[in-house]
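Encoded as structure tokens, the structure appears first; notes follow it.
The values are calculated or read from the model by the stated rules, or taken from the named source; none is laboratory data. Since this is a predicted model, take the numbers as computed values, not measurements. Methodologically, a virtual Cβ is constructed for each residue, glycine included, from the backbone with ideal geometry; neighbour enumeration extends over all protein chains shown.
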Amino acid sequence: MTVKKESIHGYEFDDSTLFELALTHRSVSARNNERLEFLGDSLLGLIVSIEIMKKFPRSSEGELTRIRASLVNGESLSSVANQLGIGKMVLLGDGEKKSGGYRRPSILADVFEALIGAIYLDSNFETVKRLVLDIFRERIESFETKTTTTKDSKTILQEHLQSHNLPLPVYNTLEEKGPDHQKDFRVECKTVLLEQNESATAGSKRKAEQAAAALTLKKLGLI
């Protein structure tokens, strides 16, 4: 007779005590999932960091930090935990049960991290990496679409400079031409990264600044 192993997202535990420990909230016992949660949090950060560095090769440190934070924050992890049905498995003390702890986002996120730590201890890094990327692949891909369609050139340039602790860009209006109702503005974008400032002309200062920022990013090889 084959005994069904405890599993999560297709992963079957060899050591069932690790699985149970990962599900055990501190309201149950002094022997709980907090140490596994610590390990899982570190693993998630590392695995997601490696993946987004490959996915976004031109992103600055600040941009990568923002992407990672949006992928592995408490809200995101509790959503994953709900999809995996972790709420119905978590082991809670009587007080937490009565207060609906199995639905609390912070508890669900913590248990998910603990399970990641437990899977690593039960197997190896490559196994837990494959599982994490399988769970987060769609989120990473959708984030890529969102970021590439909503980021403007001025924001990208500013975040790049901030991530390297450099002064922010300065935009100077070099020339205004044409009648008041149909003026063209030539604006330069000045940064410490280029010896020669890039400039662009458009029908408004805002558009000219965006165009100058885009030329600067292109010169820097960031777009």
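Of note:
- Among the residues of region 177-191, those identified as surrounded by 12 or more Cβ atoms within 10 Å (Cβ to Cβ) and assigned to a strand (DSSP E or B) are 184, 185, 186, 187, 188, 189, 190.
- Residue 142 surrounded by 16 or more Cβ atoms within 10 Å (Cβ to Cβ) and either in contact with a Leu (Cβ under 9 Å, 6 or more places away or on another chain) or at pLDDT below 85 (or both): no
- Qualifying residues in region 83-113 (those that are modelled with pLDDT under 90 and within 19 Å of the chain's Cα centre (by Cα)) - the one surrounded by the most Cβ atoms within 10 Å (Cβ to Cβ): 105
- Selection count where residues are within 18 Å of residue 71 (Cα to Cα) and free of Cβ contacts under 8 Å to residues at least 40 places away in the same chain, scope region 32-41: 0
- Any chance residue 131 is surrounded by 15 or more Cβ atoms within 10 Å (Cβ to Cβ) and more than 30 Å from residue 23 (Cα to Cα): no
- Residues of region 56-71 satisfying the condition of being in contact with a helix residue (DSSP H, G or I) (Cβ under 6 Å, 6 or more places away or on another chain), in contact (Cβ under 8 Å) with a residue 40 or more places away in the chain and closer than 12 Å to residue 143 by Cβ: 63, 67, 71
- Any hit, region 50-66, residues being in a helix (DSSP H, G or I), within 15 Å of residue 112 (Cα to Cα), touching a Phe, Trp or Tyr at 6+ places or on another chain (Cβ under 8 Å) and in the same structural domain as residue 116 (by TED's automatic domain parsing): no
- Against the numbered list (1) among the small types (Gly, Ala, Ser); (2) at pLDDT 90 or above; (3) buried (at least 16 other Cβ atoms within 10 Å of the Cβ); (4) outside any loop (DSSP other than H, G, I, E, B), residue 45 comes up short only at (3).
- Helices (runs of 4 or more DSSP H) enclosed by region 80-176 - at least 2 residues per element that are without any contact (Cβ under 8 Å) to a residue 12 or more places away in the chain, within 30 Å of residue 189 (Cβ to Cβ) and not β-branched (Val, Ile, Thr): none
- Only a single criterion out of (1) more than 20 Å from residue 120 (Cβ to Cβ); (2) in contact with a helix residue (DSSP H, G or I) (Cβ under 8 Å, 6 or more places away or on another chain); (3) not small (Gly, Ala, Ser) is not satisfied by residue 80, namely (1).
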